[in-house]
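Undergrad: Before I ask anything, let me first share the structure, which is written out below as structure tokens.
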Amino acid sequence: MSKTELEIHPDKVCGRAKDVIRRLQKAGYEAYLVGGCVRDLLLDKTPKDFDIATSARPEEIRRLFNSCRLIGRRFRLAHIYYGRDYLEVATFRAPHDDNDDGGKVNDEGRIIHDNVYGTLEEDVWRRDFTINALFYDPSNGELLDFVGGLDDLRNGKIRLIGDPEKRFREDPVRLLRAIRFAAKLGFDIEPSTEAFVQPLGILLDGVSSARLFDEIIKLLHSGDGWNTFQLLRKYDLLKNVLPLTDEGIADDDTGAFARMLELSLRNTDQRIAEGKSVMPAFLYAVLLWFEVNYISEELQLKGMPENQAIQQAATEALQDQVDFTAVPRRYSNITREIWALQGRFRFRDLRRASVLVSHPRFRAAYDFFCLRAQSGEKVEGDCEWWTAFQHAAPDERPELCKDAPGKKGPPRRKKRRKSSNAKATSAAPSAE
Ligand code: ATP
Ligand code: MG
């Protein structure tokens, strides 16, 4: 074990976390900041949250803090609430095998229950990466590094603690976490860890779709979505979590879908950097668009009306996707609306255009429409016209509609996925 005095500026540690740690220590328990916050503070980045690890058991934590709630079955945790915010406090865990009370591993080596409590030294070994296993005591400024995490931080390495294959099998989500941290920090995955990332991707099939949905959002909505997406492709993991997206990129001979993904993820990263909100519903609208568009056009070729075809295509694509990642209905309903409104951008008569711009999903649907155009997809409708129309005063709108194509709009296209150089003025997914 190596102990290092560090230069984490005490002012950068959240005051509430310091208070909770002090109170646990006063009650006779060990307590440290741990995980991402220590890593980020050492890298001079702003931590997303401040996680605490302690020798106190969940029940003991609850007795000390009035606003404490215990959560989780697979992994029991204490949340200490401050209004709607909370701090997460975890009891030190020990490694375990199937015979231990509270711990369970399935036939593939996957951890199903992880509630065997232990010491700090034991807790270190069940954390995922060395850079996530640093412990910091804000009361005395002490940094504990048992696994070479500081060296890996200095050298920009993502390294699993222990035997990488075993650790990935225990929890295949670590495959995605390796990619997330590599993208977020600009680090390399160290070769002995990296060697298993692609070969073990298949294990993600055994992870619950709800957990994978959460992870997809973390991967693509954390501000480094485009980098992350490229790494998911590099390690060929897209097929295990977003297979329709993966196939869409391969099947699209125009390249428009790949451009749409890039533009959208870059826009999303930029919005996050500017502190703007982003919508999972929009993200899924993009990720599944190639498939939805493809199915819809096939159905229309068979004679199904456009509205019905897009609805059926949406149902099929979402059903296929939820076998991999859940898409909660509160999001998928909006995703469907974004798709369903696309056909209405070709009508520029005053009545229909006015109805469309006042639709509650107009802004998201318009952003999506512009994104398609900007990506080089051949769209029916003119993004710039819609930009002008939505911003025009009510008395200016009839004038805009005067020169618009006839009520039925331009002729329907016959062939799908032909590229064009249509220009859009904006493709940023907007907040609701
Ligand atoms: P972020 O900045 O994204 O919050 P983080 O490192 O804090 O990064 P969390 O998901 O908040 O990530 O997890 C907190 C800590 O818990 C990690 O740093 C790591 O030590 C441990 N941890 C989280 N998930 C796992 C896992 N699947 N396997 C092992 N350890 C994990
Ligand atoms: Mg965290």
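Undergrad: Can you list the residues, at least 5 places off or on another chain, whose amide H is less than 5 Å from the amide H of residue 189, using H built in the peptide plane?
TA: 158
Undergrad: In the structure displayed, which of 157/184; 234/276; 45/234; 378/402; 48/276 lie more than 19 Å apart, Cα to Cα?
TA: 234/276; 45/234; 378/402
Undergrad: Return the calculated 222 nm mean residue ellipticity for the chain, to the nearest 500 deg cm²/dmol, obtained by summing -39500 (n - 2.57) across DSSP H runs with n ≥ 4 and dividing by the residue count.
TA: Helix contribution divided over all residues of the chain: -13500 deg cm²/dmol.
Undergrad: On full extension of the chain, what length is gained from residue 142 through residue 202, given 0.36 nm per residue of separation minus the C-alpha to C-alpha distance?
TA: Difference between extended and current length: 17.5 nm.
Undergrad: I've got another one for you. Based on the Cβ-Cβ distance from residue 230 to residue 358, what FRET efficiency comes out when R0 is 56 Å, to the nearest 0.05?
TA: It comes to 0.90.
Undergrad: Is the chain rounded, prolate or oblate when judged by the Cα gyration tensor, a ≥ b ≥ c being the square roots of its eigenvalues, rounded requiring a/c under 1.5 and prolate requiring a/b larger than b/c?
TA: Here the chain falls in the prolate category.
Undergrad: Nearest-5 percent of antiparallel DSSP beta bridges in the chain?
TA: 85
Undergrad: Would you please name the trypsin sites (Lys or Arg not before Pro) within segment 296-330 that are DSSP coil residues with at most 15 other C-beta atoms within 10 Å of their C-beta?
TA: Counting only loop positions with at most 15 other Cβ atoms within 10 Å, the trypsin sites (Lys or Arg not before Pro) in segment 296-330 are 302.
Undergrad: Search the structure for amide H atoms under 5 Å from the amide H of residue 378, placed 1.01 Å from N in the peptide plane, and list their residues when 5 or more places away or on another chain.
TA: Excluding prolines and chain starts, which carry no amide H, the hits are 417, 418, 420.
Undergrad: Still on this model: Quick one: which of 312-318, 152-158, 173-179 comes out on top by average Cβ neighbours within 10 Å, and what's the full order, highest first?
TA: Ranking the peptides 312-318, 152-158, 173-179 by packing returns 173-179, 312-318, 152-158.
Undergrad: Moving on. Select from segment 194-303 those GluC sites (Glu not before Pro) which occupy a DSSP coil region and have at most 15 other Cβ atoms within 10 Å, ordered by residue number.
TA: Those that pass, being in a loop and sparsely packed, are 274.
Undergrad: Ok, one more. In whole Hz and in residue order, list the ³J(HN,Hα) couplings for segment 251-263 that follow from phi through the Karplus curve 6.51 cos²θ - 1.76 cosθ + 1.60, θ = phi - 60°; x for Gly and Pro.
TA: Per residue, the Karplus-derived 3J(HN,Hα) values read 7, 7, 6, 8, x, 5, 5, 4, 5, 4, 4, 5, 4 Hz.
Read-outs: derived from the displayed coordinates by stated rules, not from any lab. Please read all numbers here as calculations on a predicted model, not as lab measurements. Cβ coordinates were reconstructed from backbone atoms using ideal geometry, including for glycine residues, and neighbour counts include every protein chain displayed.
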